[in-house]
Amino acid sequence: MFQSEYLKKVYAGVEARNPGEKEFLQAVREVLESLEPVVAANPKLEEQGVLERIVEPERQIFFRVSWVDDKGQVQVNRGYRVQFNSAIGPYKGGIRLHPSVNASVIKFLGFEQIFKNSLTGLPIGGGKGGSDFDPKGKSDLEIMRFCQSFMTELAKHIGADTDVPAGDIGTGAREIGYMYGQYKRLRNEFTGVLTGKGLTYGGSLARTEATGYGLCYFVDEMLRCMKNESFKGKTAVISGSGNVAIYANQKATELGAKVVAMSDSNGYVYDPKGIDLAVIKQIKEVERGRIKEYVNRVQGAEYHEGCSGIWTVKCDIALPCATQNEINEASAKALVANGVIAVGEGANMPSTPEAIAVFQSAGVLFAPAKAANAGGVATSALEMSQNSQRLSWTFEEVDAKLKNIMVNIFHNAYNAAEKYGMKGNLVAGANIAGFEKVAGAMLAQGIAY
Ligand code: NDP
Ligand code: 2IT
């Protein structure tokens, strides 16, 4: 519970205004809890209503997306774009295409994006979008028609200096390509309105790898600074087998770890020799198939139905890279019992509050999503810079900037936690460091009467 009356009041207001939105409330509560000492030290925040303002999106756009499937049937989905905060730059954040998408999910993601984007040190505000469209089992033409219809409405609300969407669950290079094509058709403009674009039309090298690589750069720095450790010789488990998981595996392996398990929404594979990433890439990126296919191609590997079992696999480092709330208290306890030393969140909000408490009280190093997965959006901001300059940087140049950004985020989060008497608590540190810059900008810009 909150100590400060001000925080109590703000949270009660969020509950009243957003009833039943459990993911959004979870994300808001965590940030407000971290801000206790900041609010106590800065009365201006209350005087100027900064927290009441920061928890309310600047603008929310919910829209109909109708499209025609391959059988000629009309389908209707709901589209979302939540433009949460533009204090430090144009709204920036991904588009999630998944049947579980609803207002609560998009708002939690948009809210967290404010602080994550601030942590990158780059000028990007917070936003998120998506649809309850399910890309699974759809033909390429169905995906194209959906993406075009989605963009027909979204195009009215975005722009290279206004709001710049990108990928997230279910939105990769293919979807971004179709959306970009439609934006260009509608606007007759070739601008950096989306990131995660293909390399032939304005995409940045290393954007595909950025979230997974960035996660490992962050975890590596955390291990080095807080435990005098590294990935070398460690066993790792990575949930998911999408964009973030695949490149987290690649970098963790390069840094000397052995990744023994990965998953999708049906189950997980365990390979004691270390997952063969080329096989995973072929199944997931090329064939868009199911991960259980792995055991038909690699001898000695096992497949287990269900997602949560992956956290019972013994490991030193756990990298949840699938979705929100995928590690609950029981899974966290299983990881701790098996001797996990570090958890790095590649997905957004993958650990429940109870799970985080288990890790923190067991002394497990915990890298929270807002800080640890910021490499994706940071590299999106680098893509925006390249688009503005009409130049493209080399892979090495972008990768070096990404690494530097991740190392800085770790130190900023670590130092902010220490400054407010919570040394080692990177959850609080990331929330505070991300908040301070946005709050400063909001205070400087005043309130419209
Ligand atoms: P992808 O769509 O490429 O992959 C998602 C993976 O997670 C798939 O393996 C998918 O399994 C699994 N998954 C999705 N939903 C669920 C679910 N409800 N239960 C269990 N497993 C699920 O997405 P990304 O890799 O891009 O995103 C993964 C996470 O990382 C998300 O939380 C996203 O918000 C976050 N993130 C992504 C960034 C990016 O740049 N892409 C940047 C920062 C964070 P299946 O194939 O069965 O659907
Ligand atoms: O959650 C995230 O940070 C993303 N999905 C990436 C957003 C972006 O704009 O690159």
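No value in this document is a laboratory result; all are computed from the given coordinates. What you see is a predicted model; the values in this text were computed from it and never measured. Cβ coordinates were reconstructed from backbone atoms using ideal geometry, including for glycine residues, and neighbour counts include every protein chain displayed.
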If the cut-off is 16 Å between C-alpha atoms, which lysines fall inside it for LYS107, apart from same-chain ones fewer than 8 positions away?
-> LYS22, LYS92, LYS116, LYS128, LYS370
Identify all lysines with a Cα-Cα distance to LYS71 below 29 Å; exclude those on the same chain that are fewer than 8 residues away in sequence.
-> LYS136, LYS138, LYS184, LYS284
When the charge dipole of the chain is computed with +1 at the Cβ of Lys and Arg and -1 at the Cβ of Asp and Glu, the Cα pointing farthest to the positive end, of ILE327, VAL377, PRO165, is that of PRO165
Exposure proxy ranking, count of Cβ atoms within 10 Å, fewest first, for ILE124, ILE95 | ILE124, ILE95
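Can you show me the helix-derived [θ] at 222 nm for the chain, built from DSSP H runs with n ≥ 4 at -39,500 (n - 2.57) apiece and divided by the number of residues, rounded to the nearest 500.
That calculation yields -14500 deg cm²/dmol at 222 nm.
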Ranked packing of 263-271, 209-217, most packed first, by mean Cβ within 10 Å | 209-217, 263-271
Taking the Cα-to-Cβ direction at ARG17 and at ASN415 and moving 7 Å from each Cα, how far apart do the two end points lie in nm?
-> 3.3
Per-residue HN-Hα couplings for region 442-447, Karplus 6.51 cos²θ - 1.76 cosθ + 1.60 at θ = phi - 60°, whole Hz, x for Gly and Pro?
-> 5, 5, 5, 8, x, 10
Beta carbons within 10 angstrom, averaged per residue: use that to sort the peptides 370-379, 314-323, highest first.
-> 370-379, 314-323
Take peptides 126-134, 58-66 and line them up by average Cβ neighbours within 10 Å, highest first, as a rough protection proxy.
-> 126-134, 58-66
Considering the options TYR247, MET226, TYR270, tell which one lies farthest towards the positive end of the dipole of region 226-304, charges being +1 on Lys and Arg and -1 on Asp and Glu at the Cβ, about the Cα centre.
-> MET226
Looking at PHE63, ILE88, ALA416, which one has the Cα that reaches farthest to the positive end of the dipole of the chain (charges on Cβ: Lys, Arg +1; Asp, Glu -1)?
-> PHE63
Go ahead and run the numbers for FRET between SER388 and ARG297, Cβ-Cβ distance against an R0 of 60 Å, rounding to 0.05.
-> 0.85
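What FRET efficiency, computed as 1/(1 + (r/R0)^6) with R0 = 41 Å and r the Cβ-Cβ distance, is obtained for ARG29 and ALA400, rounded to the nearest 0.05?
So, using R0 = 41 Å, E works out to roughly 0.65.
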At each listed q (0.13, 0.18, 0.20 Å⁻¹), what is the log10 of I(q)/I(0) that the Debye formula gives for region 299-386 modelled as equal alpha-carbon point scatterers?
-> -0.46, -0.75, -0.87
Taking N as its residue count, the alpha carbon Rg of the chain over 2.2 N^0.38 Å | 0.93
Put a dot 7 Å past each Cα toward the Cβ at LEU199 and LEU186; how far apart are the dots in nm?
-> 3.0
